[in-house]
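Structure in structure tokens, see below.
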Amino acid sequence: MQSLKLTRKEPLSPRITRFRFEHPEGAPLPIFAGGAHVMVQMQDGAVLRRNAYSLISDPADRSGYEIAVQREDQGRGGSRWMHEQAQPGMVMTIGAPVNLFALNLTAKRHLLIAGGVGITPFLAQVRDLGRIGAPYELHHAIRSAAEAVPLPDGARLHVSDQGSRMDLDAILSGQPLGTHLYVCGSDRMIRAVLDAARGLGWPADALHSEEFLAPAPGEPFAVHCARSHKTLTVGAHQSLLEALEAAGIDAPWLCRGGACGQCETDVIACDGTIDHHDHWLDPDEQAHKIMPCVSRFRGQLLTIDR
Amino acid sequence: MTLTFNKESFRGDYSYHNSPAAIRRFPFPFDRDEYMYSVNMEPHKGGRDGSVFQRRFDVDEHYVAEMEDRAITLARDPMRCQSLPHMRLAGWDLLELIMVSKSEDYPDLFQLTRDGDRWRWVNKPLGIDDTFTFLDDATLPHGPMEYITRQTQGDFAVLDQREGNLWMDAGMITSQADWSLDFDIGMNFFEWHAPVPRAAEMGIFQRALKFLMNVQVDTPARRLNWTMTVNPRLDTSPETYPEWGPEKRSLTPDNIGEKQYLRVELQTFWRLPRSNGLAFPIRCYLCSLQDIVTVPKWGRRLHRVIRDLPDDLATYKGFLVNKPLIVDYLARFDDGAPTSPGIWPD
Amino acid sequence: MSTPPPTSTGFASRPLHAPLLARPCTAALMIADEAGASALLALAEATPELMPRTTVLLADAGVMNAALRARAPARLVETPLAGLEPALDALLAEARMGLQVHVAGSEGLIGRAVARLLAAGLPLGAIQSEHRGSPARRMQCVHCKTIAEDITTDPYTCPGCGRALYVREHFSRRLGAFQGVCIDAETPGEVPEPVEIQS
């Protein structure tokens, strides 16, 4: 975690705003690779929020980090706080870059497909691709012109309500051997792209996707932490991970979005049903593990090894 | 700290030797009187003053001689250093990591001056003063990985991370414990560990992989590994096995203290920021049994560890044939007294 | 994104072979030697609808050529085994993502074909292999690097350096070969009687 100063805040579209952070003394920031995200910490009244955002600035530019945040009015409040409360001049706590969506550098060609705000990791990756001279193709699919953001040269824009809906079959057909496909967007969009690719014979090892999950709200539930001998209640708009942290029980994490696997926790007893929302656990692991960052429980009592 | 570099060899007359100070700082790998396979990973964030853990890339009295030995090995077999084409960026990552670390940790030995992409690198012990353009291979006499690892002790595996696995896609390997980069290059974590006995049953490899894939730029990690080598030889590769194999059978009760070496690998793990690869330096330290036993705790403990080691592990580590001789020798230095916990001398 | 369990690729570096299965694809490439051709026939029998999208590459498949031709693939190319790599390269030059590859035959054929496919950029996940025929192996001498085809005994004599080599259970997909290591390095001259390789 480092303290960085918010130096610029500017709209990219009606709902998406770009934020730039710099070191308060102007010191260079650590290099990252395109696809990396940072955890942004927000003190929202009494609530400490931590949201992960992909870095969109040039990874080789050590003078600042930039992120793009889409305002989610139905969300838990983090993006709203960024849009309303975060102001240039503020010093905020930002995590070190972590990369869970790196380019596969063995690829002979990179096919990047973004839906809506899912464009963010690709904005940094195309800088890296340009620098190493790797061939790539970037597609941005949006519902309406209001979602458009400035795109790098050569990117192709598909606006569905203007009749230029993305033609996946056309994009996926005829790609040279060794092309890797990356997709970032909503769960529905990711599934549609991956299903189309698999149906055309693309193997799983050429397919890459990233979806950050926000912890879904739900009914409050009770958890017993066997190792710390504590029993707590997870609030309706709180994640299990946040409840653990509030009770002073530390669990490791990198993404807080069900993808990195760090907070994986053993379930000791489960008098009820776990709602697994993560992308990490295999089906056979779901019987005895839970990802506290995004998954919830319904029932009498969940006992975990924390 | 002022360092004097030994005039010594790791082949031929084997004039390699440890000073008393080097023996005291030898990374003895056993923290108890028995050895269990384990991941035993800890953060690589410094360590005791003067210990091999203190600096990011330890430089010791063997530095210059080790680099000369590497040059000999490479002249005989250039394939000990290889990099698959997609690892070019990771090579620059590694060069940057080492140059920045060494110039900060040993400013009297190494200097790095950066003016944008124009870099000047001064390596005083090896008499190098080069200016080059960062990320431009043509401005260096070798590829970036080869250039910097010809100047850095230890072997270097540079791993690519993809598909939920780590891939051995580049390396400078001239002091290995019997594995071949030329054969293993391109393999994933499970494939290159295939020759480890009982590996399949051990969940520790999966846990280790999970741990390594989550190493971050600001959280380098380390562990110790060990084996036994007859004579202070760095190049114990399978390629040259016909050269060093016969030496393994040259031990006698009279020469074992002098000729049998405990070989310890300080393995460190570094996330490379530009390529998202993982650098895996494997630094080798050699100490003869007769030097080991000058630390009474180590003599006692090493005897107990080797005596109780299962034969399949001794086979894998390549010293089963010499195990009885080693145990007999070390028994003379084990009076049965209890030993203190931890690796450090009392 | 979770770590794949070590079952498919295994802790063994040695590839595991399974019966060939049809998968969704835009185009298929089937490669076999004489022993492996029967595996392609079984696949063609099970999924005849695949054949109009399939190119068959047969390396010294002898009498099996006609049988596969009768399955009406889009294209059938014959090559001597020695010319496998250039024949494969010619086909791959036109290939696009969506290609699924099926290889059947000796360890040597599979090793050579897979190494070439990977070098062309095809992801491993698009390649299936099925071992048919002799258990002979393709070996690389770790000392002089000579590749020896059709090795049926352990130890064997390296055709490059003449050393007696034992067969290490360690396989390189990049080389398409197992590793041969000097068996009498520590005790020169003490070479055990060779035994037939069973699998």
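Read-outs throughout are calculated quantities, based only on the coordinates presented, and are distinct from any laboratory measurement. Worth saying up front: this structure is predicted, and the values here are computed from it rather than measured. For neighbour counting, all protein chains shown are included, and Cβ atoms are generated from backbone atoms with ideal geometry for every residue, glycine included.
³J(HN,Hα) across region B:211-223 via Karplus (A = 6.51, B = -1.76, C = 1.60, θ = phi - 60°), whole Hz, x for Gly/Pro?
4, 5, 5, 9, 5, 10, 3, 9, 10, x, 10, 8, 8
Longer than 19 Å from Cα to Cα, which of A:Lys289/B:Lys210; B:Lys102/B:Lys124; B:Lys248/B:Lys317; B:Lys248/C:Lys145 are they? Say none if no pair is.
Details: A:Lys289/B:Lys210 16 Å; B:Lys102/B:Lys124 12 Å; B:Lys248/B:Lys317 12 Å; B:Lys248/C:Lys145 24 Å.
Violating the 19 Å Cα-Cα cut-off are B:Lys248/C:Lys145.
Continuing with this model, one more query. Using the Cα gyration tensor of chain A, with a ≥ b ≥ c the square roots of its eigenvalues, what is the shape: rounded (a/c below 1.5), prolate (a/b larger than b/c) or oblate (neither)?
Oblate is the answer for chain A, as a/c is 1.5 or above yet b/c matches or exceeds a/b.
Can you work out the PRE-style zone for A:Leu301? Point 7 Å along Cα to Cβ, and I want the residues of region A:225-250 with backbone N under 16 Å.
A:225-234
Which length gain, in nm to one decimal place, applies between A:Ala145 and A:Asp73 when the Cα-Cα distance is subtracted from 0.36 nm times their residue separation?
Length gained, A:Ala145 through A:Asp73: 23.9 nm.
What order do you get for C:Cys25, A:Cys255 when you list them from fewest to most C-beta neighbours inside 10 Å?
Placing the least packed residue first, the sequence is C:Cys25, A:Cys255.
Let me ask you something else. Testing the spin-label approximation: label points 7 Å from Cα along Cα→Cβ at B:Tyr37 and A:Arg227. State their distance in nm.
Each label point lies 7 Å from its Cα, and together they span 2.4 nm.
Looking at region A:47-199, send over the antiparallel percent of its DSSP beta bridges, to the nearest 5.
If we restrict to bridges inside region A:47-199, about 5 percent are antiparallel.
So what's the angle, to the nearest 10 degrees on a 0 to 90 scale, between helix A:120-132 and the longest Cα principal axis of chain A?
50 degrees
Roughly what would the spin-label model give for B:Thr315 and A:Glu25, points 7 Å off Cα along C-beta, in nm?
5.9 nm
Shape call for region B:275-346 from the C-alpha gyration tensor, a ≥ b ≥ c root eigenvalues: rounded (a/c under 1.5), prolate (a/b greater than b/c) or oblate?
Here region B:275-346 falls in the oblate category.
Let me ask you something else. With label points built 7 Å along Cα→Cβ from the Cα atoms of B:Asp308 and B:Ser250, find their separation and express it in nm.
Once both label points are built, they end up 3.4 nm from each other.
What is the sum of charges around A:Gly130, taking Lys and Arg as +1, Asp and Glu as -1, for the other residues whose C-beta is under 15 Å from the C-beta of A:Gly130?
Within the 15 Å Cβ shell, the charges total -1.
Using a ≥ b ≥ c from the Cα gyration tensor of the protein assembly as shown (square roots of the eigenvalues), is it rounded, prolate or oblate, where a/c under 1.5 gives rounded and otherwise the larger of a/b and b/c decides, a/b for prolate?
oblate
Rounding to the nearest 10 and keeping the result within 0 to 90°, find how far the Cα-based axis of helix A:187-199 lies from the longest principal axis of chain A.
Long axis of A:187-199 versus the principal axis of chain A: about 60 degrees.
Right, next: Apply 1/(1 + (r/R0)^6) to the Cβ-Cβ distance of B:Thr4 and C:Thr187, taking R0 = 45 Å, and write down the FRET efficiency to the nearest 0.05.
Here the calculated transfer efficiency is 0.65.
Rounded to the nearest 0.05, what FRET efficiency do B:Ile343 and B:Glu61 have when you use their Cβ-Cβ distance and R0 = 22 Å? Don't skip to the end; give the middle numbers.
Values: r = 20 Å, r/R0 = 0.93.
Once the sixth-power term is evaluated, E becomes 0.60.
Here is a follow-up. Taking 0.36 nm per residue of sequence separation and subtracting the Cα-Cα distance, how much length would be gained by fully extending the chain between A:Ala236 and A:Thr93, in nm to one decimal?
Contour length minus Cα-Cα distance gives 48.9 nm.
Would you please give the FRET efficiency between A:Ala46 and B:Arg76, computed as 1/(1 + (r/R0)^6) with r the Cβ-Cβ distance and R0 = 56 Å, to the nearest 0.05?
0.25
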